[in-house]
1. Are any of the residues in region 123-134 at pLDDT below 85, over 15 Å from Ser171 (Cα atoms), exposed (fewer than 14 other Cβ atoms within 10 Å of the Cβ) and of a type outside the set (A, V, I, L, M)?
2. Does any residue of region 36-52 turn out to be touching a residue at least 60 places away in the same chain (Cβ under 8 Å) and either of a type outside the set (Phe, Trp, Tyr) or more than 26 Å from Ile123 (Cα to Cα) (or both)?
3. Just to be sure before I move on: is His72 touching a helix residue (DSSP H, G or I) at 6+ places or on another chain (Cβ under 6 Å), crowded, with 17+ Cβ neighbours inside 10 Å and not small (Gly, Ala, Ser) in the structure I sent?
4. Filter region 23-69 for residues that are out of contact with any helix residue (DSSP H, G or I) (no Cβ under 7 Å at 6 or more places or on another chain) and either in a loop (DSSP other than H, G, I, E, B) or basic (Lys, Arg) (or both) and give the result.
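The values are calculated or read from the model by the stated rules, or taken from the named source; none is laboratory data. Please read these numbers as outputs of a predicted model, since none were measured by experiment. Every residue, glycine among them, receives a Cβ derived from its backbone with ideal geometry; neighbour counts consider all protein chains shown.
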Amino acid sequence: MSGNCTCKTCIDGWLSPRMKERLEGEAEFLHFTASELALDLDDDALIPESGTLSEIAVASDASLHYIPMELHPKMTPAFYHGYIIVLQSILQVLLYEPESDDIEDLRKTIPTVGLVEEKLKRIQEAAAESEKEKGEGKAKEGETNEEEETSTILDPTSDISITSAEASLLSEYFSSGGQITFALDAITDLASEKSPEGSLYRRNQYLQEEEEEFVKEVIDLPKCANDLDFELVREKLGLRRGKLGPYWFFLTDSEDEEEEGADERDGVEVLYEGVNKE
């Protein structure tokens with residue numbers, strides 16, 4: 001599949017400025033939502049005695065709906081924090097400001113699976129090196145330095161900075177079955193669903209109103225045939241054609257009332273299991 005650029009400004013001939021704005025906006029929203037939820041993980045309603053995220057927690061973060069249900073037993077707070085770092089890394093790629101119009105520099109703004117994987121690998125390697133140096137420092141001094149415990153890992157290709165402790169959570173995420181594709185699938189599919197191409201857009205007036213605001217915000221950006229070609233974007237980012245997730249489905253209270261035989265839970269969204277339920 002190749003791009004059908006009509007604006008002559010698409011990066012690599014397929015990522016249009018308006019599409020990039022949509023992806024940035026969705027990545028930023030999902031990262032913010034996940035980060036806010038992570039602050040409340042000491043709540044028993046979110047992390048029950050099982051030690052994994054509850055259905056309430058999963059319902060509260062749409063990006064989690066794109067992680068297969070069979071991984072739920074492994075969705076611990078550490079797993080979740082690692083997933084958030086993946087979301088953060090994707091967002092940082094999208095927000096990268098090229099220093100020139102050189103195509104290789106422009107490609108650094110495209111969060112392909114391969115590019116994000118390289119970024120996360122550098123973070124993990126930097127964390128391992130930091131831990132090694134910290135251990136050598138302790139051996140020499142015979143004591144722990146507080147500053148070393150919270151040392152910061154910087155990715156030289158972006159503004160991302162996390163502590164060495166946070167970087168170790170990536171290993172927990174990936175060793176438990178987590179993948180970069182889960183986050184990219186969430187970003188691309190939810191951006192599509194909230195666009196005029198999506199069923200969520202057609203069913204929700206507030207999304208239609210948000211689209212009107214979005215059009216105003218990007219009024220100075222050229223229109224392009226690639227502006228809503230999410231299938232093309234998915235393929236170019238390294239995702240398979242067609243949707244992967246969501247794997248979790250929740251009905252709001254209002255939708256619950258319309259579903260015959262639906263489970264009732266006051267104030268809580270109701271879980272429906274399945275794949276790609278429309």
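1. yes
2. Checked against the condition, which is being touching a residue at least 60 places away in the same chain (Cβ under 8 Å) and either of a type outside the set (Phe, Trp, Tyr) or more than 26 Å from Ile123 (Cα to Cα) (or both), region 36-52 yields no hits at all.
3. Answer is no for this residue.
4. Leu39, Asp40, Asp42, Asp43, Asp44, Pro48, Glu49, Ser50, Gly51, Ser54, Pro68
Residue-by-condition table, conditions (1) over 19 Å from the mean Cα position of the chain (by Cα); (2) closer than 23 Å to Glu166 by Cα; (3) of a type outside the set (D, E, K, R); (4) modelled with pLDDT of 95 or more:
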{"site": "Ile47", "(1), (2), (3), (4)": "yes, yes, yes, no"}
{"site": "Thr52", "(1), (2), (3), (4)": "yes, yes, yes, no"}
{"site": "Ala59", "(1), (2), (3), (4)": "no, no, yes, no"}
{"site": "Ile67", "(1), (2), (3), (4)": "no, yes, yes, yes"}
{"site": "Ile90", "(1), (2), (3), (4)": "no, yes, yes, yes"}
{"site": "Ser100", "(1), (2), (3), (4)": "yes, no, yes, no"}
{"site": "Thr112", "(1), (2), (3), (4)": "no, yes, yes, yes"}
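This table checks each residue for (1) among the aliphatic types (A, V, I, L, M); (2) more than 14 Å from Ala186 (Cβ to Cβ).
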position	(1), (2)
Pro68	no, no
His81	no, yes
Ile84	yes, no
Ile90	yes, no
Leu95	yes, yes
Ser100	no, yes
Ile103	yes, yes
Val113	yes, no
Glu118	no, yes
